[in-house]
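Structure first, then comments.
Computed from the coordinates by the stated procedures, all read-outs in this text should not be read as laboratory data. Since we're looking at a predicted model, the values are computed, not measured. Positions of Cβ are generated from backbone atoms using ideal geometry, with glycine treated the same way; all protein chains shown enter the neighbour counts.
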Amino acid sequence: MNGGADRFEAFDDRDGSDDEQPTGAGGGPQGPGNGDGSGNDTGDSDGPSRSPRIPMPRSSVEDTGRPLPEPLQEPTPEQPSAPLPLPLLPLSLDHRVLKSLLGAWALAACSPEETVAVEDHLGECGSCADEALRLREAVGLLHPPESLDLDPTLRTRVLEGCLDRRPPRIPVPEWAAPYDAEAARLDALLQDIGDAEWHAPVRLRWFEGDGPTSRRTTVAGVIAHLLTVDGLVATALGLEDPLGNTSPKTPGPAGRTEAYWRASHFPPTRSVRGPWREQSHNLVRTVAFAGGGSGRLAVSYGDFELPLRDSMLDRAFECWVHAGDIADAVDYPYEPPAPRHLHKMIDLAARMLPGSLAERRRAGLSAPPVRHLVPAGAPGRSLRLEIEGSGGGEWLIPLDSPGAVASAEHEVAHVALDGVEFCRLAAGHVSPEEAATGQDGDRTAIHDVLLAAASLSRM
C-alpha cells in the first residue's frame, strides 16, 4: 500500500524547460508602449513619450548575461555578519486601550507590537487575564474539531492523476481498489497510535438471530481478526494461511479468529501489525498479477461462498468498519471511504439481501413469502431501497424468492437510509429500529428486509 508504489513501477521525473518570452527593444518581455500590452505609444511624436502607467516586468539577472551576485559567505572576524533585527519594543498604551484589544488578541488579529503590549499587560492585570482566557475559550468554540486525517478521496485522486500520465504496467483490478485503499488507511491509523493503545479495549459487534451480540478484545485483537479472515482470500489465491497448522475444523471467520487467539499470545500485541500488513500487500499484488479474470474465483467462508471480486469488497467493508472500531477506542476521528468505493460496498450488501432474507425464512426468523411459487426469473414483489448521501443510489430487492426478478410494477414497500447508516446496519453496529429513517408500504416486508440487512454482519 502506502500509495501503491510497491506494485507499480516508479514514475520517472520528466525534465522540462520554461519557454522563453520574446523581448522588446527595452530588454523586457514587451516592446515599448503604454503599458497595456497594445504596443502603441500614447506620447506626442514631437515630445518625450509618457512613462507607462504600469511598470514593465523586470528581467531576471540570469537573462541579462551579467555575472551573478556572489553567494553569502560565512561570517569571519574580518567581515562580521549583518546585524540582527532589533527586538520588538512594547507599545506604551493605557489600560483602557489594552482592554479594548483583548478581542483582537484572542483572534490573533493584533499587530506584533500590540501583541507584545497585550501579553505584557496580561501578566500584571488579573481582570484582563481572566477576560482574555474567556475570550480564547469562546474563540475555540467557533472552530469545530477537525479530523487530522487527510480527505479519504485524496489518495484516489493522486493515484488517478499519476496513472493518467503513465498507466501502470500491472494495474490493480477496479474491484480490488476499495480493499487497497481501506487497508492503506487502516495502516496509517495504526502507524499513529502508541504502544499502550494497542491494548485499548474494543468490542466486536454483530447481529445474530433477532438481537445484537458482541465479543470483547483489544486493538491488537481486531487486527488479528482481520488477519485470519483475510487469510480465507489468501488461501483461495494459493498464498500462505496465517493460521498455518492450527487451522480449525470449522473454517468460518469466527472459528478461525478464535483459533488464532488461542494459538498466539493473548491478548495479541502490536507485533500482529507486520503479518497483517504483509498479507494485505500480497493480496493486492497477487490479484494484480492474476488480472481481472480472477474475480470469478470462489472464496469459501465456511457456510457460504463469494466470488473473489465480491470477497475483496467484503474485506474492504470489514477493514473500514473495524478501523472505525479502533478509532473509537483510541479517540481518533475516522472518515468514511471514498464515495465510489462506498457505493460498491453498498451494492454488494444490497445484492446479498435476498439470500440473507431467504436464510432467515428457512430458520423461521422471518415471515414466509406471500407468493410461494414464484419461479426463477419471473417478476415478483419488491422493496425499493433508497440510499441517500455519498455513494448512494436505488436498488430493488426481490421479496418472494432469491431467484425472482424484482419488478418496479410489483413494488410493495420503500425504505430510505443514509449510506453510512446502512453500512452500520449491515455491520451489526445499529439496530433496524435505529437505522430506518423513511418507510412506506408493507411494514412486514420492511421489517424483514432490515433484519436481513443486520444479519449480513458476522464476527
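How many angstrom separate the Cα center of the range 88-132 from the Cα center of the range 204-264?
A separation of 60 Å, based on Cα centres.
Exactly which trypsin sites (Lys or Arg not before Pro) in the range 167-214 are in a DSSP loop and have at most 14 other Cβ atoms within 10 Å?
Working: sites: Arg169, Arg185, Arg203, Arg205; in loops: Arg169.
Here the trypsin sites (Lys or Arg not before Pro) that fit, given the DSSP loop and packing criteria, are Arg169.
Could you work out the equivalent-ellipsoid semi-axes for the range 332-440, taking the square root of 5 times each eigenvalue of the Cα gyration tensor, largest first, in whole Å? Working shown, then result.
On the way: eigenvalues 137, 45, 31 Å².
Over the Cα atoms of the range 332-440, the ellipsoid semi-axes are 26, 15, 12 Å.
Just grab the label-to-label distance for Leu154 and Ala138, each label 7 Å out from Cα along the Cβ direction, in nm (one decimal).
Between Leu154 and Ala138, the label points sit 3.3 nm apart.
How do Asp192, Asp325 line up, fewest other C-beta atoms within 10 Å first?
Values: Asp192 11, Asp325 18.
Ordered from fewest to most neighbouring Cβ atoms within 10 Å, Asp192, Asp325 come out as Asp192, Asp325.
How far apart, in nm, are two points set 7 Å out from the Cα along the Cα-to-Cβ line at Glu409 and at Asp331?
6.0
Can you give the charge dipole size of the range 95-142 about its Cα centre, rounded to the nearest 20 debye, using +1 on the beta carbon of Lys and Arg and -1 on the beta carbon of Asp and Glu?
Details: 4 positive and 8 negative charges, 40 e Å.
Computed about the Cα centre, the dipole is about 200 debye.
Of all alpha-carbon pairs in the range 393-459, indicate the percentage at a distance above 21 angstrom. Walk me through the intermediate numbers first.
Numbers: 493 of 2211 pairs.
For the range 393-459, the fraction of Cα-Cα distances above 21 Å is 22 percent.
Near the amide H of Arg381, under 5 Å away, which other amide H atoms are found, from residues 5 or more places off or on another chain, if H is placed in the peptide plane?
Leu399, Asp400
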